[in-house]
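This report concerns only the one structure given below.
The values are calculated or read from the model by the stated rules, or taken from the named source; none is laboratory data. Here the structure is a predicted model, which is why all the values come from computation and not from measurement. Cβ: placed from backbone, ideal geometry, glycine included. Neighbour counts: every protein chain shown.
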Amino acid sequence: MLNINLINDLINPGNTNIIPGLERVHKILDILGNPQHRYQVIHITGTNGKGSTAAFLESGLVNGGYKVGKFTSPHITKINECIIINHKEISDTDLESIYFKIKELITVHNIELSPFEFLTTIMFEYFASYAIDWLILEVGMGGLKDATNVVNSKYSIITNVELEHCMWLGNTISEIATEKSGIIKAGLTIFADNKPEVAEVISNKTTNYINVLSKFEFSIDLDLEHFRTLLNVDYKLYSLSLFGKFQAYNFLCAYAVFKDMGIADKHIKYAAENTVWPYRLMVLEKNPLVIVDATHNESGAKSLHDSLLGIYDPIDVVIVTSILRDKNVKAMLKYFAKLATSVIYTSIDNNPRGMKGADIANIGAVLFHNELCIDKPIDAINKAKQMNKKVIIVTGSIYLFA
């Protein structure tokens with residue numbers, strides 16, 4: 001059991017203390033001797049696909065013999081999931097040891113950190129202590145003012161840009177792209193987005209960039225029997241373990257890094273075939289087919305829609321969903337309604353941004369032919385299994401799976 005003070009400082013959603021900017025993180029990292037500069041960094045931002053891209057990179061680099069740290073968020077069941085070396089989570093002992101070390105320093109120097117700033121500082125120090133070769137670093141939110149943006153990255157990846165976190169990042173694609181492009185440093189920038197305003201923002205920031213959607217000649221097919229994505233690029237066929245057209249785009253971002261680094265194709269193939277990233281178009285059961293997907297936001301819902309539309313008759317599908325209140329709930333439900341005629345709304349009680357199923361039902365009224373509200377997610381899924389549908393899709397916020 002983790003120390004209660006650690007849980008309060010790093011996990012307690014009521015302890016936000018958010019002040020956009022890097023001053024506080026720089027201050028504590030300076031005191032620690034700037035551990036974030038002791039390894040090479042691949043920095044990743046984007047509206048969706050950050051975690052999948054990070055997972056592809058991790059698999060390929062570890063298989064290639066590198067010692068690789070990975071930082072992603074949020075966690076699903078325990079905070080240790082966020083900080084990983086070569087696929088192994090940070091131990092409770094290491095997490096608590098570094099936590100108390102930094103807690104003492106910020107107390108002595110009167111530095112206040114938000115939970116994410118505190119976790120980020122622990123991560124940088126932990127990876128330095130274990131002398132990793134590469135850090136695969138996922139942005140928490142945005143980029144420019146994100147606590148992770150204190151590195152001199154070798155590669156900056158912007159997976160894509162959609163409207164999200166508008167109160168923090170801006171109300172237009174250009175404004176949000178500007179925030180995300182804040183992670184760009186002197187190294188190579190890689191992105192997978194054909195919006196002209198995204199390309200314009202990036203090209204104004206650097207001339208050293210690649211848009212993988214135009215850089216590579218590729219084709220994508222979906223293997224429905226094995227639930228895999230087939231990507232043909234550079235006259236080679238890669239069978240991706242992660243399903244969905246959007247996962248091919250994420251893999252191409254990782255592929256661009258692998259190629260620039262000179263990673264052997266056998267390691268790239270390994271990454272394609274063996275990467276695991278939970279709750280992203282993942283099949284849990286076959287009879288009935290149970291698919292889980294943390295769609296997260298409107299763009300994610302569109303990706304789910306684009307991946308599955310036309311594959312299953314909507315009358316044979318039931319969706320179980322719950323969504324955070326600060327997302328475009330109605331837009332997400334409209335995408336879901338094109339995939340299924342039945343829906344079960346459920347509740348997220350483990351996050352202050354969570355919604356009750358009944359409140360989501362009010363927003364989604366008349367979008368589906370059959371609608372139910374069941375408060376507990378596990379009860380909602382069990383009810384879905386009793387409906388004799390061929391396909392159950394559990395989707396919405398990642399906190400639905402906690």
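Points to keep in mind about this one:
- When residues of the range 382-402 are limited to those that are surrounded by fewer than 20 Cβ atoms within 10 Å (Cβ to Cβ) and among the aliphatic types (A, V, I, L, M), the one nearest to the chain's Cα centre (by Cα): 402
- Some residue of the range 358-381 being buried (at least 24 other Cβ atoms within 10 Å of the Cβ) and in contact with a Lys or Arg (Cβ under 6 Å, 6 or more places away or on another chain): no
- Just one of (1) under 20 Å from residue 300 (Cβ atoms); (2) part of a helix (DSSP H, G or I); (3) in contact with a strand residue (DSSP E or B) (Cβ under 7 Å, 6 or more places away or on another chain) fails for residue 181. It is (1).
- Among the residues of the range 28-62, those that are touching a helix residue (DSSP H, G or I) at 6+ places or on another chain (Cβ under 7 Å) and farther than 22 Å from residue 303 by Cβ comprise 28, 29, 31, 32, 35, 36, 38, 39, 42, 43, 60.
- The set of residues from the range 150-175 being at pLDDT 90 or above and among the charged types (D, E, K, R) comprises 154, 175.
- Single unsatisfied condition, residue 302 versus (1) under 23 Å from residue 241 (Cα atoms); (2) in a loop (DSSP other than H, G, I, E, B): (2)
- Residues being surrounded by 23 or more Cβ atoms within 10 Å (Cβ to Cβ) and either of a type in the set (A, V, I, L, M) or free of Cβ contacts under 8 Å to residues at least 60 places away in the same chain (or both) - total across the range 128-151: 5
- Residue tally, condition assigned to a loop (DSSP other than H, G, I, E, B) and either touching a helix residue (DSSP H, G or I) at 6+ places or on another chain (Cβ under 9 Å) or hydrophobic (A, V, I, L, M, F, W, C) (or both), over the range 96-112: 3
- Residue in the range 22-30 that is modelled with pLDDT of 95 or more and under 25 Å from residue 273 (Cβ atoms) present: no
- Selection count where residues are modelled with pLDDT of 95 or more and not in a loop (DSSP other than H, G, I, E, B), scope the range 273-287: 2
- Cβ-Cβ contacts under 7 Å between residues 6 or more apart (or on different chains), taken from a first residue in the range 220-239 that is farther than 16 Å from residue 304 by Cα to a second residue that is in a strand (DSSP E or B) and hydroxyl-bearing (Ser, Thr, Tyr), are listed as 230/239; 231/238; 232/219.
- Positions within the range 186-205 being assigned to a loop (DSSP other than H, G, I, E, B) and in contact with a strand residue (DSSP E or B) (Cβ under 9 Å, 6 or more places away or on another chain), in sequence order: 187, 192, 193, 194
- In the range 193-205 there is no residue that is under 17 Å from residue 280 (Cβ atoms), modelled with pLDDT of 95 or more and touching a Lys or Arg at 6+ places or on another chain (Cβ under 9 Å).
- Any hit, the range 251-272, residues being without any contact (Cβ under 8 Å) to a residue 12 or more places away in the chain and either assigned to a strand (DSSP E or B) or touching a helix residue (DSSP H, G or I) at 6+ places or on another chain (Cβ under 6 Å) (or both): no
- Looking across the range 377-397, the residues that are in contact with a strand residue (DSSP E or B) (Cβ under 6 Å, 6 or more places away or on another chain), of a type in the set (A, V, I, L, M) and closer than 20 Å to residue 350 by Cβ come down to 380, 381, 394.
- Here the condition is being surrounded by 15 or more Cβ atoms within 10 Å (Cβ to Cβ), β-branched (Val, Ile, Thr) and farther than 24 Å from residue 282 by Cα; of 220, 210, 268, it holds for 210 alone.
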